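Worksheet: one structure, shown below.
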Amino acid sequence: MKQHQKMLLGIVIGTVAGIAANLLVGGAPWLEWVVTNLTSVVGQLFLRLLLMLVVPLLFAALVTGVCELDLRSIGRLGVRTMGYTVIISSIAVLIGLVLVNTLKPGTRLSEEAITALVQKGSVVKAAPAPSGDSVPALILSMVPTNPIKAAAEGDIIAFIVFSLISGVGLMVTDTPGSRHLKETIMGLYDVLMTLIDGVLRLAPIGVGALLFSVTARLGFGILVQVASFVGVVLLALGLHMFVVYSLSVRFLGGRNPIAFFRDCRLAIVTAFSTASSSATLPTALKVAEENLKLPRNVSRFVLTAGSAMNQNGTALFEGVTVLFLAQVFGVELSLANQATVMFICVLAGIGTAGVPAGSIPVIAMILGMFKIPPEGLGLILGVDRFLDMCRTTLNVTGDLAAAVYVARGEPAPENQTAPAPTRPESSAS
């Protein structure tokens, strides 16, 4: 079986087993013990193995990617990547806002369901919200005084800036020592990719354990209670992924959308199962270079930056959630207010951490800005893990679509030939 097929099998077995356990013995002490001490541990171990490799891989990928560029290429790649991110994220949020205003999912919940769900999630009131720093302070925070501390604290954007600067420094320095250092970092990248292959062999077990833990505790009952909200989010995500991305890949990237999605299967399944853009970065790099055959300098630059900044699904979800909770609590948001929400969500999508539930603190901040009760997050807390898996899938697919767009027209390195744009490539095994 191919790797993505094994992971899909793990998803199906874990989900079905978890739902069956919830229906038959839900709430039993022994089931809680199994979830807490066995399946959650196995699932988190798989997730930690992937996350463990992210920071060194991000550094090695960016430095080696930048080394193969010239200074003019860096500016061109950066502008094209950021421009694409802002435009596509704006379209994503706009789709979400239109659907919420049209379908009005927040008006369909009963008072009893609202009260019960809010009480279950009341702990969310203590969720930390990002500080409202000024624009100059935000710019300064992107340049770390201590890159190791930035990496340890999960400040990925600051660490990306450090990696980019290191790559530029290595590119413009031509000494025996710098050439040796470049070869060493390239060797580090090769070693990390070998480790990724090893971790992915454990993926079916880790994925199955993660899904079993979630479904055994929650079942599908919570989905029924907030089905209208879940339906709107899934519809918005589906439209953006299969319509907007297909158009982008076809007309901006010059590729066949069907071949694109087929080649991205491994990254898509990994994103869905881990609910983390950061954890999926190693797999996305593997897919971009081996399946999509993108120039490695472009794919490493775009994907490593995109894992932290190109979060279309997160931006969409944040906008839908804010308007949904405004409808639930009867808070009227004018068009100007909704435009502000859209602007904040686009910016937040660029800066939200690419880890599970990374958007919750941002949503809490936006709710506070518009006087919407933040405890309303309890309404979505039960389904957030499932929706997080879905929006992460959109995020990662968006990173790959962005890489396809940016790669078009970029000269391939001399030792790597880019494929014909519309020719389907073989899938990963």
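The values are calculated or read from the model by the stated rules, or taken from the named source; none is laboratory data. In this text the structure is predicted, and so the values were computed from the model without any measurement. Virtual Cβ from ideal backbone geometry, glycine too; neighbours counted across all protein chains shown. What goes into the accessible areas is simple: the full protein's heavy atoms, side chains included, and nothing from ligands, DNA or RNA. Shrake-Rupley method; radii C 1.70, N 1.55, O 1.52, S 1.80 Å.
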- Would you check if Gly349 is at pLDDT below 90 and not in a helix (DSSP H, G or I)? no
- Note on the structure: Scanning segment 291-301 residue by residue, those assigned to a helix (DSSP H, G or I), closer than 12 Å to Val404 by Cβ and hydrophobic (A, V, I, L, M, F, W, C) turn out to be Val298
- Query: What pairs can you find where one residue is in segment 210-232 and modelled with pLDDT under 80, the other is assigned to a loop (DSSP other than H, G, I, E, B), and their Cβ atoms are less than 7 Å apart, with a gap of 6+ or different chains?
  - Reply: Gly219/Gly26
- Query: So which helices (runs of 4 or more DSSP H) are wholly in segment 143-254 and hold at least 3 residues that are open to solvent by less than 20 Å² (accessible area, probe 1.4 Å) and of a type in the set (Gly, Ala, Ser)?
  - Reply: 156-172, 203-218
- Before we move on, is Val79 within 26 Å of the chain's Cα centre (by Cα) and crowded, with 18+ Cβ neighbours inside 10 Å? no
- Selection from segment 26-68 of residues that are open to solvent by less than 50 Å² (accessible area, probe 1.4 Å) and over 28 Å from Ile148 (Cα atoms): Gly26, Ala28, Leu31, Val34, Val35, Thr39, Ser40
- Query: Residues Thr280, Thr314, Thr321, Thr304: which one is buried (at least 24 other Cβ atoms within 10 Å of the Cβ), among the polar types (S, T, N, Q) and either in a loop (DSSP other than H, G, I, E, B) or at pLDDT 90 or above (or both)?
  - Reply: Thr321
- (1) surrounded by 21 or more Cβ atoms within 10 Å (Cβ to Cβ); (2) modelled with pLDDT of 85 or more all hold for Glu332 apart from (1)
- Collect the residues in segment 228-255 that are within 20 Å of the chain's Cα centre (by Cα) and aromatic (Phe, Trp, Tyr), keeping them in residue-number order. Phe242, Tyr245
